[in-house]
Amino acid sequence: MKKLILITRPSYDTPTHYLHFISGELKKEIEFVGEVSVIDLETNKATRKEFEKALDKANPRLVLFHGHGSYDSISGQNGEILLDKRNVKKLKSRIIYAVVCDSASELGETAIRSGEAEAYVGYDSRFVIVIDPERSTTPMNDKNFKPFKDTHKKLILSLISGINLEVSVERTKKHIRELIREYGVRGIKDKYGDAPLIRFALYWNLMSLKVHGNGNAVF
Amino acid sequence: MIDDDAKTLVIARLETLNQDSKILLMGEKGPTTVKDMIDEVRKESPLGKKIVELQLSYIKTLASGAIDL
């Protein structure tokens, strides 16, 4: 029986549009390999009702959130709250990676303590992406976006390949440090002079990435 | 309240960047420019305070050699 991943990926403003794209590419890659099945709650399916139904019926081991969030909640399409302390128990025994802002500071702890999730990875501050000023509606062609896309993919593919959470996160952090170096030292094509800002944004995400729960958790 | 020297240093660093460069901050509906980031630091908003905290930490990390320039 194939392992299951649940992905939430709303799309209704520029930040969610970018995350929708990032997670769509990831989904295609996962499906191409074929060893894991994906439950895709995208756009209008990213509702609390569909989210809870998918958790109850399909019982995915890994849940990947993309979109807006806060200290105590994660949103879906048009800002509808998907997860907060009222339904956090539905995360029991699961591994969570939340690519949303702030959630690792409070919700991450609640997910472990009250929800009995096995592990929660997320950001305890804003999640930041630098975009090409001329391509903010076409993430596919946005070169500034690439390092952020790569680091997102790195963590998830590492987890899916069977590497434990702590090592997956450490490898991702190492990759971010390498990118910061790369954007500072090498001759990166930098049409708008954005490399210094990209480095700072990568550093921001590096410092905000936090793990709660069992670091030895394996997908 | 942000220390004045820290605020001046961070604003000076941000002013060296392309003012029209854009970042997406999850939690905001649209893009934020470097110019907006400087305004947040000047206003000492929660976001401005975070920018200062991370910029100072970033400078220290670069200075320590933990990440090469």
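The values are calculated or read from the model by the stated rules, or taken from the named source; none is laboratory data. In this text the structure is predicted, and so the values were computed from the model without any measurement. Please note: Cβ atoms are built from the backbone with ideal geometry, for glycine as well, and neighbour counts cover all protein chains shown.
Annotations for the structure displayed:
- Each residue in segment A:182-196 was checked for being small (G, A, S), in a loop (DSSP other than H, G, I, E, B) and at the interface with chain B (Cβ under 10 Å from one of its Cβ atoms), and 1 of them qualify.
- Selection of segment B:33-69 for residues being of a type in the set (S, T, N, Q) and surrounded by fewer than 19 Cβ atoms within 10 Å (Cβ to Cβ) yields B:T33, B:S45, B:S57, B:T61, B:S64.
- Checked against the criterion of being surrounded by 13 or more Cβ atoms within 10 Å (Cβ to Cβ) and in contact with a Cys (Cβ under 8 Å, 6 or more places away or on another chain), segment B:4-22 contains not a single residue that satisfies it.
- Unmet requirement for A:F32, which otherwise passes all of (1) within 14 Å of another protein chain (Cβ to nearest Cβ); (2) more than 16 Å from A:Q77 (Cα to Cα): (1)
- Subset of segment A:29-47 (residues that are part of a helix (DSSP H, G or I), surrounded by fewer than 17 Cβ atoms within 10 Å (Cβ to Cβ) and charged (D, E, K, R)): A:E29, A:E31
- Per-region count, segment A:169-181, residues of a type outside the set (A, V, I, L, M, F, W, C) and either on the phi > 0 side of the Ramachandran plot or more than 10 Å from every other protein chain (Cβ to nearest Cβ) (or both): 6
- Selection over segment A:15-68 of residues that are in contact with a His (Cβ under 6 Å, 6 or more places away or on another chain) and free of Cβ contacts under 8 Å to residues at least 12 places away in the same chain gives a count of 0.
- Residue in segment A:197-214 that is charged (D, E, K, R), in a helix (DSSP H, G or I), surrounded by 20 or more Cβ atoms within 10 Å (Cβ to Cβ) and within 14 Å of chain B (Cβ to nearest Cβ) present: yes
- Yes/no for A:Y97 being under 28 Å from A:Y183 (Cα atoms) and in contact with a Gly (Cβ under 8 Å, 6 or more places away or on another chain): yes
- Long-range neighbours under 8 Å by Cβ, at least six apart or interchain, first residue over 16 Å from A:E134 (Cα atoms) and modelled with pLDDT of 95 or more within segment A:192-205, second surrounded by 22 or more Cβ atoms within 10 Å (Cβ to Cβ) and aromatic (F, W, Y): A:A201/A:F148; A:L202/A:F148; A:N205/A:Y123; A:N205/A:F127; A:N205/A:F148
- Residues that are within 15 Å of the chain's Cα centre (by Cα) and surrounded by fewer than 18 Cβ atoms within 10 Å (Cβ to Cβ), drawn from segment A:1-23: A:H17
- Per-region count, segment A:27-49, residues among the hydrophobic types (A, V, I, L, M, F, W, C), within 16 Å of the chain's Cα centre (by Cα) and modelled with pLDDT under 95: 1
- One residue from A:A58, A:A54, A:A117 being loosely packed, with under 15 Cβ neighbours inside 10 Å, small (G, A, S) and farther than 29 Å from B:P46 by Cα: A:A58
- Being in a helix (DSSP H, G or I), of a type in the set (S, T, Y) and in contact with a helix residue (DSSP H, G or I) (Cβ under 8 Å, 6 or more places away or on another chain) is a property that does not hold for A:Y71.
- Some residue of segment A:167-174 being within 19 Å of A:L197 (Cα to Cα) and surrounded by 18 or more Cβ atoms within 10 Å (Cβ to Cβ): no
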